[in-house]
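First comes the structure, then the notes that go with it.
The values are calculated or read from the model by the stated rules, or taken from the named source; none is laboratory data. Here the structure is a predicted model, which is why all the values come from computation and not from measurement. So basically every Cβ, Gly included, is an ideal-geometry build from the backbone, and we count neighbours across all protein chains shown. The protein model used for the area step is the full one, side chains on, heavy atoms only, and it has no ligands, DNA or RNA in it. Shrake-Rupley method; radii C 1.70, N 1.55, O 1.52, S 1.80 Å.
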Amino acid sequence: MKIKILALCAIMSFSAAAKTNLTVYTAIENDRLADYKNKFEEQNPDINIQWVRDSTGIITAKLLAEKENPKADIIFGVAASSLLVLEKDNLLQPYKPKGYDLLSPKMRDNTASPKWVGMDAWATGLCINKFVMKKHNLPYPKTWEDLTNPIYKGLIVTPNPASSGSGFMNVTAWIQMWGEEKAWAYMDALNKNIKMYTHSGTKPCSMAAQGEVAIGISSSSFAHNLIKRRAPIEVVLPEGGIGWEMEAAAIVKGTPHLAAAEKLMDWVSSDAVAELGATFSGITARESFMTPEGKVSYQSMIDNDLFWAASNRLTLIQQWRDKYELN
């Protein structure tokens with residue numbers, strides 16, 4: 001009996017040791033991470049995901065700082081524009097995953113040696129608290145320009161583009177829609193009405209849902225999820241176009257766990273990830289999984305030049321910080 005127990009312990013010990021631990025940097029919100037981890041590990045019991053979670057800007061800075069000694073094996077659910085910054089610094093491992101051809105051409109690296117693929121997209125939406133609007137007798141905004149009306153002073157929250165991918169996509173969308181001069185003039189006017197700039201892109205919508213502000217400039221996907229939980233908010237998509245970004249994945253060059261990282265990349269284009277993406281934003285890289293709400297946002301999304309956004313990221317963020325954060 002003692003021998004059997006020892007043998008069983010040895011087998012269990014070997015099984016645990018045989019598992020590959022993948023260090024995965026992600027910007028996905030904490031409440032969604034368990035679903036991804038559980039579903040992937042069910043199909044790949046020999047791999048254990050170890051999340052390192054922060055906002056997009058922090059994750060990007062961390063990866064750049066670790067350039068000479070990478071700590072991550074894979075990047076998962078981080079803004080595509082940030083992955084393009086990392087690609088420029090030669091930090092990503094080329095890999096064409098299984099299921100690559102199932103992904104929308106808009107949501108994957110279309111080069112001969114792809115280094116990243118998209119998972120799902122999120123688009124800007126105004127989260128508006130019905131009760132706070134009624135309390136202050138405020139009209140619903142229809143356009144971006146409406147948000148500069150002094151009647152909204154102190155009642156709007158928006159993400160900080162230096163730390164939030166959602167915040168950065170708004171800045172780049174305004175510049176692409178209107179040109180730099182008009183976009184910065186708009187941000188000057190909007191700044192006068194902003195109560196605070198949040199660290200994450202989800203926070204403005206949750207603050208609106210809790211009645212802390214009337215309007216949270218956030219993502220329509222976050223709003224729809226809160227509405228499902230009966231939060232007293234509505235979604236407005238400003239006329240003239242909305243910004244958008246992708247949650248994307250890529251392998252970090254130099255990972256000692258390349259085979260396991262490739263398995264996770266293969267899984268990114270699977271039905272399971274498309275279904276989770278549909279639950280999150282409704283705008284999935286697998287177009288057949290897109291929800292009706294996702295299609296509405298999709299139709300309002302601008303023609304987004306992610307390469308331009310990535311190339312100008314550091315300059316634009318510094319400009320923004322100089323104007324609105326450091327003064």
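Nonpolar atom fraction for segment 229-293, defined as the carbon and sulfur part of the 1.4 Å probe accessible area, stands at 50 percent. A viscosity of 0.692 mPa s and a temperature of 37 °C, combined with the Kirkwood radius over C-alpha pairs in the Stokes-Einstein formula, give segment 165-283 a diffusion coefficient of 195 µm²/s.
Proximity of backbone amide H atoms, modeled 1.01 Å from N, is registered between Asp120 and Glu247, Ala285 at under 5 Å, excluding neighbours fewer than 5 places apart on the same chain. Under 5 Å between amide hydrogens, built in the peptide plane, is the criterion, and for Val252 it picks out Ile74, Ile75, Gln93 among residues at least 5 positions away or on other chains. DSSP finds beta bridges in the chain, and of those with both partners inside it, around 60 percent are antiparallel. Cα-based values for segment 184-247, radius of gyration first and Dmax second, are 12.4, 37 Å.
Counting only lysines at least 8 places from Lys134 when in the same chain, those with an alpha carbon closer than 21 Å to its own are Lys142, Lys153, Lys195. Across segment 232-245, computed HN-Hα scalar couplings (Karplus, 6.51 cos²θ - 1.76 cosθ + 1.60, θ = phi - 60°) run x, 10, 10, 10, 10, 9, x, 5, x, x, 10, x, 7, 8 Hz from first to last residue, x flagging Gly and Pro. The mean of 1/r over all distinct Cα pairs in segment 257-298, once inverted, gives the Kirkwood hydrodynamic radius of 10.8 Å.
Can you check how the C-alpha radius of gyration of the chain compares to 2.2 N^0.38 Å, as a plain ratio? Please report the intermediate quantities before stating the final value.
Working: Rg = 21.2 Å, N = 327, 2.2 N^0.38 = 19.9 Å.
Ratio of Rg to 2.2 N^0.38 Å for the chain: 1.07.
Taking the Cα centre of the chain as origin and assigning +1 to Lys and Arg Cβ atoms and -1 to Asp and Glu Cβ atoms, the resulting dipole is close to 820 debye.
Can you give the translational diffusion coefficient of segment 108-227 in µm²/s, computed by Stokes-Einstein from the Kirkwood radius over Cα pairs at 20 °C and 1.002 mPa s? Here the translational diffusion coefficient equals 142 µm²/s.
Distant-in-sequence amide contacts of Ile47, defined by a placed amide H-H separation under 5 Å and a gap of 5 or more residues or a different chain, comprise Thr20. Per residue, segment 287-327 exposes 63 Å² of solvent-accessible protein surface, assessed with a 1.4 angstrom probe and all protein chains in place. Long hydrophobic helices in the chain: none of the complete DSSP H runs spans 27 Å or more by Cα along its own axis with mean Kyte-Doolittle hydropathy of at least -0.5.
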